[in-house]
Amino acid sequence: MNAEPESIMVVDDDLVVAQLLTRMLKMAGYAVVTAANGREALEKFQGETAVTLIISDLNMPEMNGHEFIRAVRAAGSDVPIIVLSAANDIPIALEAMNHGANDYVPKDQNLRKALMISVERVLAQRRQDLKNWQFMADIAR
């Protein structure tokens, strides 16, 4: 019996980057949902309960990554979020982490490798957290 692949939402207004990330993630066995900006992503996310991870650019039209992260967290979601940032925008990426992002990856020559490491690490932590929450719920019963 094959389990459904984990679903990752890619939010980036740069079509080339979005296509690159989509191909890379699909090759790694993930299902991918895409959005061109934070507003579109928020609309899709609210209707898509299967998303287990969000990868979002910070600089986008209509609703930027910071606003998107705050909206996701304000809605009560704890889905992990990885932000993408230009290599020289580390303070901005750290600000995103203060708003609820779980990790950031610079958009540089190491994007592919760094992103896949981050995705695996963040999803592994999420799986462990879910196991721990289930264990605590079992103990409480």
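The values are calculated or read from the model by the stated rules, or taken from the named source; none is laboratory data. Please read all numbers here as calculations on a predicted model, not as lab measurements. As a convention, Cβ positions derive from the backbone with ideal geometry for all residues, glycine included, and neighbour counts pool all protein chains shown.
Here are some conditions: (1) at pLDDT 90 or above; (2) of a type in the set (A, V, I, L, M); (3) closer than 20 Å to N64 by Cβ. A86 meets all but one. Which one does it not meet?
(1)
Kindly indicate whether A71 is more than 24 Å from M24 (Cβ to Cβ), of a type in the set (G, A, S) and not in a loop (DSSP other than H, G, I, E, B).
Values: more than 24 Å from M24 (Cβ to Cβ): yes; of a type in the set (G, A, S): yes; not in a loop (DSSP other than H, G, I, E, B): yes.
Taking the combined requirement at face value, the residue satisfies it.
What are the pairs, 6+ residues apart or on separate chains, where a residue within the range 49-63 that is under 18 Å from G76 (Cβ atoms) and of a type in the set (S, T, Y) has its Cβ under 7 Å from a residue that is assigned to a loop (DSSP other than H, G, I, E, B) and at pLDDT below 90?
Hits for this filter: T52/E6.
Is it true that V122 is within 25 Å of K26 (Cβ to Cβ), touching a Pro at 6+ places or on another chain (Cβ under 7 Å), modelled with pLDDT of 90 or more and surrounded by 13 or more Cβ atoms within 10 Å (Cβ to Cβ)?
Working: within 25 Å of K26 (Cβ to Cβ): yes; touching a Pro at 6+ places or on another chain (Cβ under 7 Å): yes; modelled with pLDDT of 90 or more: yes; surrounded by 13 or more Cβ atoms within 10 Å (Cβ to Cβ): yes.
Taking the combined requirement at face value, the residue satisfies it.
Just name the residue that is nearest to the chain's Cα centre (by Cα) out of those in the range 64-87 that are under 17 Å from V17 (Cβ atoms) and free of Cβ contacts under 8 Å to residues at least 40 places away in the same chain. Working first, answer last.
Within the range 64-87, the subset under 17 Å from V17 (Cβ atoms) is 64-65, 68, 81-87.
Restricting the remaining residues to those that are free of Cβ contacts under 8 Å to residues at least 40 places away in the same chain gives 64, 81, 83, 85-87.
Values: N64: 14, I81: 3, V83: 7, S85: 13, A86: 16, A87: 18 Å.
Only one residue tops the list, namely I81.
Of everything in the range 102-119 that's of a type in the set (D, E, K, R) and in contact (Cβ under 8 Å) with a residue 24 or more places away in the chain, which residue is surrounded by the most Cβ atoms within 10 Å (Cβ to Cβ)?
First, the residues of the range 102-119 that are of a type in the set (D, E, K, R): 103, 107-108, 112-113.
So of that shortlist, the ones also in contact (Cβ under 8 Å) with a residue 24 or more places away in the chain come out as 107, 112.
Values: K107: 18, R112: 12.
Taking the candidates together, the pick is K107.
One line per residue, one yes/no per condition, for (1) part of a helix (DSSP H, G or I); (2) modelled with pLDDT of 95 or more:
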position	(1), (2)
V17	yes, no
T22	yes, yes
V33	no, no
R39	yes, no
K44	yes, no
T52	no, no
P61	no, no
H66	yes, no
E95	yes, no
